[in-house]
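The values are calculated or read from the model by the stated rules, or taken from the named source; none is laboratory data. Everything quoted here is computed from the prediction, not taken from an experiment. Note that we place each Cβ from the backbone using ideal geometry, even for glycine, and neighbour counts take in every protein chain shown. Ligands, DNA and RNA are stripped out before the accessible areas are found, and what is left, the full protein with its side chains, is counted by its heavy atoms. Shrake-Rupley method; radii C 1.70, N 1.55, O 1.52, S 1.80 Å.
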Amino acid sequence: MVLVDTNILVYAYDPGDERKTRRAIEVLTQLELSKRGVLSTQILNEFFNTVTRNIPNPIELSSARVTVQRFIEHWEIVPVTTDVVQEGMRGAVEHQLAFWDSLIWAAAKLNGVDTILTEDFSHGQVVEGVRIVNPFLGEVPPP
């Protein structure tokens, strides 16, 4: 299983960088077809907010809602629980991760997801068994 960070989702819906948009769509399609894609409730919330407010050509609220609903129906969604928050705080302290990134790491770790796709961590870094892959620099691990 592979947890996808918000920034990868946003690239698929923000045509500002054609290369990254193409790659994000390719990766998301691959993960959806293989049923290996995982998102957290945090990532869904961040995605909705970002694509409706923080990109040059925001998506209509109703379209973003449909997109999030599609993710909910076709991807595994893991919740941000109090255990995730506590583990995220530990990760922030012990590994010096930014708190929001640490929550993503904690959601992956506590749900047995061994890979996170993101631009926000160091590519190739492994934090307590969770590997970080920047899909614009490296390949998504095969199933």
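So the values come out like this:
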quantity: In nm, spacing of pseudo-spin labels at Lys35 and Glu94 (7 Å Cα→C-beta vector); calculated: 3.3 nm
quantity: Which label in [x] 1.25; [y] 1.04; [z] 0.94 gives the computed Rg/Rh (Cα atoms, Kirkwood Rh); calculated: [z]
quantity: Check: the stretch 96-143 dipole with +1 on Lys, Arg Cβ and -1 on Asp, Glu Cβ, in debye; calculated: 100 debye
quantity: Residue-normalised accessible area of the chain, given per residue in Å² at a 1.4 Å probe; calculated: 52 Å²
quantity: Span from the the stretch 83-140 Cα centroid across to the the stretch 19-48 one, whole angstrom; calculated: 16 Å
quantity: Heavy-atom SASA rank of Glu46, Glu73 (probe 1.4 Å, accessible area, largest first); calculated: Glu73, Glu46
